[in-house]
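This report refers to the structure that appears directly beneath it.
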Amino acid sequence: MPVITCIQDLKDLHRKRTPKMFYDYCESGSYTEQTFRENTSDFADIRLRQKVAVDMSGRTTESTMLGRKVAMPLGLCPVGMTGMQRADGEIKAARAAAKFGVPYTLSTMSICSIEDVHAASPEPFWFQLYVMTDEDFVDNLLERAKKANCSALVVTLDLQILGQRHKDLKNGLSAPPKLTLPNIVNMMTKVQWGLEMLGTPRRTFGNIVGHAKSVTDTSSLSTWTTEQFDPCLDWAKIARIRDNWGGKLILKGINDPDDARMAADFGADAIIVSNHGGRQLDGALPTIRMLPKILEAVGGERGKRSTEVYIDSGIRQGQDILKALALGADAAMIGRAYIHGLGAMGEAGVSKALQILRAELDTSMALCGERDVNRLRRENLLVPKGFFDSYVQP
Ligand SMILES: Cc1cc2nc3c(=O)[nH]c(=O)nc-3n(C[C@H](O)[C@H](O)[C@H](O)COP(=O)(O)O)c2cc1C
């Protein structure tokens, strides 16, 4: 058994143990991948301020998200096709998150259905919605999420049309994978993955097939997705969804202060500052660089805002969480960091990813001279001069 010390170790195992098309699906950004790359390098450019001779005992990473206690201010992002990285992946990730004490978000484009995850997870989870033109289907998804006791609805705003990821086209990405010769040869080297997949009935999009009109099998699914994502999504449509849902609402995919202000005025319970992990608008700035201006636009202080501000895109270490919190975010969210854990070791790998991130957060916080994650502040950081103002409108 290899010794696992960081998310990179899980990523290496994920690559070894998962069919190429699904690893590539996870580990890619759109077009030139500039935003994807800079999401992580911008975090690295922010540095931590070392403090000594302060009492480091009695530390805590506990906090709250949407009024609920969490073991650390970190959530698991919605990730489509998680159940292709590992059989029943969504169930495994939801269980690991529930046991750890952080929220899990199920994607519309998941393999396990809302009902599957509800039956298997000991805690309520969040449901992420992609808005479709078929309003009956959307209303039905909301009803199913309500029935499954989902504790928040995450509406994704930054993927009404798809940013192209070259590798997915080259690999012929599909769920289940097509049985072409290269796929068969590649899958034969992923024995554990294959055995587990043979043992589950869940191998296609569980929230869609059998629920949406005219989708009875996956062969029509890709056409359906391209046709169905609603390119006309606007605030009036989001209001309709909010009224139908009636519960906690999180708006995901905001990366601009004006949009953040709109979301706060709209009454969102939280926003997720996100560029979709660099998978949509290539050339968009990394979220961590946009964060201070977005926080200013939303207003208020951490822990007291009526619209909480979470951030994702590029978080791979506990130090990154620390940086986001110190800048003023209420919480951070991760996508790839837990998917690497899942692809490496299933549910145990997701737990491992969460343990690693918490230990890194806790140790770094202590070495910054802080004992409470809720008290991290800008004085804990050092940034290159002009870092947050280096890009202006021409
Ligand atoms: C493989 C993959 C699939 C994703 N699928 C979805 C999805 O179905 N819905 C959604 O809102 N975001 C989706 N995202 C974006 C994530 O929710 C999140 O914004 C992103 O992964 C954060 O960046 P990080 O991976 O660098 O942490 C996906 C991301 C990845 C990597």
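The values are calculated or read from the model by the stated rules, or taken from the named source; none is laboratory data. Quantities reported herein were computed from a predicted structural model and do not represent experimental measurements. Please note: Cβ atoms are built from the backbone with ideal geometry, for glycine as well, and neighbour counts cover all protein chains shown. Only protein heavy atoms, including side chains, enter the accessible area calculation; ligands, DNA and RNA are left aside. Shrake-Rupley method; radii C 1.70, N 1.55, O 1.52, S 1.80 Å.
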- Item | Subset of region 322-341 (residues that are out of contact with any Phe, Trp or Tyr (no Cβ under 7 Å at 6 or more places or on another chain) and within 11 Å of the ligand (Cβ to nearest atom)) | Ile334, Gly335, Arg336, Ala337, Tyr338, Ile339, His340
- Lys92, sole failed condition from (1) within 16 Å of the ligand (Cβ to nearest atom); (2) more than 30 Å from Gln228 (Cβ to Cβ); (3) in contact with a Leu (Cβ under 7 Å, 6 or more places away or on another chain): (2)
- Query: Does Gly303 qualify as being closer than 23 Å to Ala270 by Cβ and more than 15 Å from the ligand (Cβ to nearest atom)?
  - Reply: yes
- Filtering region 291-338 down to residues that are farther than 17 Å from Met262 by Cβ and of a type in the set (Asp, Glu), which residue is surrounded by the fewest Cβ atoms within 10 Å (Cβ to Cβ)? Glu301
- Test Pro124 against the criterion of being within 17 Å of Gly247 (Cβ to Cβ), more than 16 Å from the ligand (Cβ to nearest atom) and part of a loop (DSSP other than H, G, I, E, B), and give yes or no. yes
- Any residue in region 62-80 that's without any contact (Cβ under 8 Å) to a residue 60 or more places away in the chain: show its pairings with residues that are more than 11 Å from the ligand (Cβ to nearest atom) at Cβ separation under 8 Å, as long as the two are six or more apart or on different chains. Lys69/Glu62; Lys69/Ser63; Lys69/Gly101
- Item | Filter result for the condition that a residue is surrounded by fewer than 19 Cβ atoms within 10 Å (Cβ to Cβ) and not in a helix (DSSP H, G or I), over Thr200, Thr226 | Thr200
- When only residues in region 1-25 that are among the aliphatic types (A, V, I, L, M) and outside any loop (DSSP other than H, G, I, E, B) count, which is nearest to Leu281 (Cα to Cα)? Met21
- Just give me the residues in region 159-175 being open to solvent by 30 Å² or more (accessible area, probe 1.4 Å) and among the charged types (D, E, K, R), in sequence order. Lys167, Lys170
- Task: Can you tell me which residue within region 26-71, out of those that are among the β-branched types (Val, Ile, Thr) and part of a helix (DSSP H, G or I), is nearest to Ile321 (Cα to Cα)?
- Result: Thr40
- Scan region 101-108 and give yes if some residue there is small (Gly, Ala, Ser) and within 16 Å of the ligand (Cβ to nearest atom), otherwise no. yes
- Task: Give region 57-107 a look and list any residue that's among the polar types (S, T, N, Q), surrounded by 24 or more Cβ atoms within 10 Å (Cβ to Cβ) and in contact with a strand residue (DSSP E or B) (Cβ under 7 Å, 6 or more places away or on another chain), or say none.
- Result: Thr105
- Note on the structure: Here the residues within region 139-160 that are more than 11 Å from His118 (Cβ to Cβ), at pLDDT 95 or above and either within 13 Å of the ligand (Cβ to nearest atom) or among the hydrophobic types (A, V, I, L, M, F, W, C) (or both) are Leu141, Leu142, Ala152, Leu153, Val154, Val155, Thr156, Leu157, Asp158
- Given (1) free of Cβ contacts under 8 Å to residues at least 60 places away in the same chain; (2) open to solvent by 10 Å² or more (accessible area, probe 1.4 Å); (3) outside any helix (DSSP H, G or I), index of the condition Asp243 fails: (3)
- Query: Mind checking whether some residue in region 176-194 is among the hydrophobic types (A, V, I, L, M, F, W, C), surrounded by 14 or more Cβ atoms within 10 Å (Cβ to Cβ), assigned to a loop (DSSP other than H, G, I, E, B) and away from the ligand (no atom under 16 Å from the Cβ)?
  - Reply: no
- Query: For Leu76, are the conditions met, namely being modelled with pLDDT of 95 or more and within 16 Å of the ligand (Cβ to nearest atom)?
  - Reply: yes
- Query: Across region 133-172, what is the number of residues that are among the small types (Gly, Ala, Ser), in a loop (DSSP other than H, G, I, E, B) and in contact with a strand residue (DSSP E or B) (Cβ under 7 Å, 6 or more places away or on another chain)?
  - Reply: 1
- So which residues in region 36-55 are out of contact with any Ser or Thr (no Cβ under 8 Å at 6 or more places or on another chain) and not hydrophobic (A, V, I, L, M, F, W, C)? Arg37, Glu38, Thr40, Ser41, Asp42, Asp45, Arg47, Arg49, Gln50, Lys51, Asp55
